[in-house]
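Sharing a structure, written as structure tokens. Questions coming.
The values are calculated or read from the model by the stated rules, or taken from the named source; none is laboratory data. Given the structure is predicted, the values throughout are model-derived calculations rather than measurements. Positions of Cβ are generated from backbone atoms using ideal geometry, with glycine treated the same way; all protein chains shown enter the neighbour counts. These accessible areas exclude ligands, DNA and RNA; they are computed on the full protein's heavy atoms, side chains included. Shrake-Rupley method; radii C 1.70, N 1.55, O 1.52, S 1.80 Å.
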Amino acid sequence: MVKNESLIYDKLPLGPGYARKHGMFWLGRDTCVLVISNEGDPVTFDLLSTADRTFLFQNLVNLHKAGIYHGDFNERNVVSKNGGRPCIIDFSHSDMYHECRGVDGCDELAMAKDVLGLRSSSISVQAHPF
């Protein structure tokens with residue numbers, strides 16, 4: 001599982017919004033450690049600004065465009081340091097061969113849009129065709 005997560009970190013789009021991998025290290029034959037950047041503490045979606053919720057959703061859309069299905073998108077897997085931009089972490093449940101059908105055709109993106117409070121608003125998310 002750690003090996004797959006390491007491969008996902010290698011495939012992440014460039015730019016802010018995702019933790020960065022520093023390395024994967026084997027401690028003996030059976031123990032593997034994945035070291036990622038410390039991007040802060042878990043957020044509460046309701047306390048994020050509209051701009052931050054939109055930024056977060058756009059980064060999830062960008063993951064899907066790169067073929068990555070997060071698989072466990074929730075507050076415990078989104079962190080922020082000192083009120084900075086939210087950052088997606090924990091790709092242990094991810095699939096890197098996702099063929100997304102777009103914002104309205106994907107269960108994870110539809111759920112994320114709902115939990116971030118973006119579905120019923122007039123916020124324009126820059127989701128490009130897949």
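Which residue pairs have Cβ atoms under 6 Å apart, sit 6 or more places apart or on different chains, and have a first residue in the stretch 20-33 that is at negative phi and a second that is part of a loop (DSSP other than H, G, I, E, B) and surrounded by 10 or more Cβ atoms within 10 Å (Cβ to Cβ)?
R20/S37
Scan the stretch 21-41 for residues that are part of a loop (DSSP other than H, G, I, E, B), surrounded by 12 or more Cβ atoms within 10 Å (Cβ to Cβ) and among the charged types (D, E, K, R) and jot them down.
E39, the sole residue that qualifies.
Answer yes if at least one residue in the stretch 63-78 is under 17 Å from H93 (Cα atoms), in contact (Cβ under 8 Å) with a residue 40 or more places away in the chain and among the polar types (S, T, N, Q), and no otherwise.
Checking the stretch 63-78: at least one residue is under 17 Å from H93 (Cα atoms), in contact (Cβ under 8 Å) with a residue 40 or more places away in the chain and among the polar types (S, T, N, Q).
Is there any pair with a first residue in the stretch 43-55 that is touching a residue at least 40 places away in the same chain (Cβ under 8 Å) and a second that is open to solvent by less than 30 Å² (accessible area, probe 1.4 Å) and of a type in the set (V, I, T) whose Cβ atoms are under 6 Å apart and which are 6 or more apart or on different chains, and what are they?
Here the result reads V43/V78, each pair linking the stretch 43-55 to a residue that is open to solvent by less than 30 Å² (accessible area, probe 1.4 Å) and of a type in the set (V, I, T).
Kindly evaluate D90 against the criterion of being over 19 Å from L118 (Cα atoms), surrounded by 13 or more Cβ atoms within 10 Å (Cβ to Cβ) and at pLDDT 95 or above.
It is true that D90 is over 19 Å from L118 (Cα atoms), surrounded by 13 or more Cβ atoms within 10 Å (Cβ to Cβ) and at pLDDT 95 or above.
Looking only at the stretch 50-67, count how many residues are open to solvent by less than 60 Å² (accessible area, probe 1.4 Å) and among the hydroxyl-bearing types (S, T, Y).
So the answer is 1.
Being at pLDDT 95 or above and either under 17 Å from G15 (Cβ atoms) or of a type in the set (F, W, Y) (or both) is the filter here, so list the residues in the stretch 67-82 that pass it.
G67, I68, Y69, H70, F73, V78, V79, S80
Could I ask something else about it? For the stretch 68-81, name all the residues that are more than 8 Å from the chain's Cα centre (by Cα), over 12 Å from N38 (Cα atoms) and open to solvent by 10 Å² or more (accessible area, probe 1.4 Å).
First pass over the stretch 68-81, keeping only residues more than 8 Å from the chain's Cα centre (by Cα): 68-69, 71-72, 74-76, 79-81.
When the remaining residues are screened for being over 12 Å from N38 (Cα atoms), the result is 68-69, 71-72, 74-76.
Hits for the stretch 68-81 are Y69, G71, D72, N74, E75, R76.
For the stretch 2-20, what are the residues that are open to solvent by 80 Å² or more (accessible area, probe 1.4 Å) and either of a type in the set (D, E) or under 17 Å from the mean Cα position of the chain (by Cα) (or both)?
Correct list: L7, D10, L14, P16.
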